[in-house]
Amino acid sequence: LKCDENNANKLYPIYFILTYFLENFYKAHHEGGYTCIATNIAGSTEREFSVDVLVPPKLESPDTSLDFEPKVHLNRPVTLRCPVTGSPLPQIRWFKNGRPLNDSSDSNVYILSGGLQLSILRARENDTGKYSCVALNEAGNTQLDFNLDVYVPPRIESTNRDTRYTITEKDPVIINCPTQGNPPPTITWLKDGDFLTSDQLSRIEILDKGQKLKITAAEVTDTGKYTCVAGNEAGVTEKDFKVDVQEKDFNLNVQVPPKITRQSENLVRGPIVKEERVKAVLNGSVKLECRVIGNPEPTILWLKDGQLLTATEKYGQYQVEHNGQLLRITRVQVSDAGLYTCVASNVAGTSEKDFKVDVLVPPKIKGDEQESPEVLVNRPLSIDCPVDSHPPSSFTWIKNGVPVDLTNNPFIRLLDGGRRLQLLRTQSYDKGLYTCIAENEVGSAEKHFNLDVHEPPAIQSSSPNPLSVKGDWVHLECNVSGNPTPQVSWLKDGQVLTAQDLKNLVS
């Protein structure tokens, strides 16, 4: 801004020129009216300036809650936010896959708050795509992109072919189950409501990511109802196929959605619970009961930590019985702990129940069953009893069959929750057989420590130097103690006496 003499009286010189600098960059708070006043002895004059600072569009603040990869289930609402500011206030436009959007052309799409929000009332399959929010004003523009993914429950496409297959023994047959959904469904095949056995799988091929079941050479035992079950994060659906030589029947059924009737027998009677807590012992077995009613008879699938238990897993330590209403786990391992879900479904609906399985591990002490520690007298010693168990073990220490006295002996203490026995100053009476016993609610284990305290040799005081008459016997006594038992040597005038020397002395 510059105030010059062009507006002043030409008869008098101007001595002051006022220039206002806004440092390096204009700021929003620099906006406003500025007045330049020129004064001399003849009078004064002034001129006004109006300054507007233009700010390009930008996010209001770093918004970590914005989801640029939003996901929504079919027919559910979803809102995309475009929280931008600027001066002047930006004009916001929305685009889908590069094409302009407006709420007048689609009654399911609303652009709200001057473009700050785009809301879809009921998400449809074709709403999947890239949505762009473009904010612009005189100072510039910015753009935010959102990749919207609409989750669609599995849908099994209908075909012109009947769902009943009549074939001749030894002939091949292919059952088609074309599915659609987002994300792509996982497909499982059942026969007569149960998983395919290993014997059946040796003659049956599952092709095209599960959308085709091929029986290479049909046998009479292959007659039955085959069910294609498709599931993804958005839901589960199924379709039945009959393989037999019977005439076509027509049945009237009243459809009833699945209902889980009650909890397992090992729980107290009461209201039906959505989650059971089940305890299992390592290498033991446990059964999870999911009693279901419904019409048509529900199909029951089992999941572990959200992952479908497949037919291969079924014939390991997992066994599914009674048309899926019982899941038995044999040879239970620590890895079997987790959240199991029973999913019952038919054409009328779906019901679920969770089982929280906790695997209890009896104590197992690491290392050998017995150790023989050794220590010098008056030295400290720690005896460790490392144990693996769940839940954690409690510890008891026994010496020579009697519990270790911790109250009257200040030189003995337990550390690390009882796992370690520490002797601060070992004495000869500390030696003996120590036993560490680890226990929890499912078992116990023990380990033995045969402690030996080493003591240096000590010669007990004896009578003074004996006097004897030449030719008489003289008896020299050397009482020695120590652990382990010391080896005794005799010397005469500083020279070691050999065994022969000792023999000559007593002969």
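Quick look at the values:
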read-out	value
Residue within segment 448-471 that is in a strand (DSSP E or B) and within 30 Å of Leu282 (Cα to Cα) present	yes
Residue tally, condition surrounded by 18 or more Cβ atoms within 10 Å (Cβ to Cβ) and touching an Asp or Glu at 6+ places or on another chain (Cβ under 8 Å), over segment 150-164	4
Check on Ile111, in contact with a Phe, Trp or Tyr (Cβ under 8 Å, 6 or more places away or on another chain) and either of a type in the set (Val, Ile, Thr) or assigned by TED's automatic domain parsing to the domain that holds Gly181 (or both)	yes
Residue check, Ile293 modelled with pLDDT of 90 or more, surrounded by fewer than 17 Cβ atoms within 10 Å (Cβ to Cβ) and under 24 Å from Gly235 (Cα atoms)	yes
Test for Phe241: is it part of a strand (DSSP E or B), modelled with pLDDT under 75 and under 30 Å from Gln200 (Cα atoms)	yes
Flag if Thr179 is more than 29 Å from Asp52 (Cβ to Cβ), surrounded by 15 or more Cβ atoms within 10 Å (Cβ to Cβ), in contact with a strand residue (DSSP E or B) (Cβ under 9 Å, 6 or more places away or on another chain) and of a type in the set (S, T, N, Q)	yes
Only listed residue being under 20 Å from Ser351 (Cβ atoms), at pLDDT below 90 and loosely packed, with under 14 Cβ neighbours inside 10 Å, chosen from Gln246, Gln255	Gln255
Out of Gly210, Gly231, sole residue that is surrounded by 15 or more Cβ atoms within 10 Å (Cβ to Cβ) and at positive phi	Gly210
Per-region count, segment 326-356, residues outside any loop (DSSP other than H, G, I, E, B), modelled with pLDDT of 90 or more and farther than 16 Å from Leu196 by Cα	21
Unmet criterion (only one of (1) in a strand (DSSP E or B); (2) free of Cβ contacts under 8 Å to residues at least 40 places away in the same chain; (3) more than 33 Å from the chain's Cα centre (by Cα)) for Ser382	(2)
Scope segment 421-457; condition of a type in the set (Lys, Arg) and either surrounded by 20 or more Cβ atoms within 10 Å (Cβ to Cβ) or closer than 20 Å to Val402 by Cβ (or both); matching residues	Lys431, Lys447
Long-range neighbours under 6 Å by Cβ, at least six apart or interchain, first residue assigned to a helix (DSSP H, G or I) within segment 300-325, second at pLDDT 75 or above	Ala311/Phe195; Ala311/Leu196; Lys314/Phe195; Lys314/Val320
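The values are calculated or read from the model by the stated rules, or taken from the named source; none is laboratory data. Only a predicted model underlies this, so the values are computations on that prediction, with no experimental measurement involved. Neighbour counts run over all protein chains shown; Cβ positions are idealised from the backbone, glycine included.
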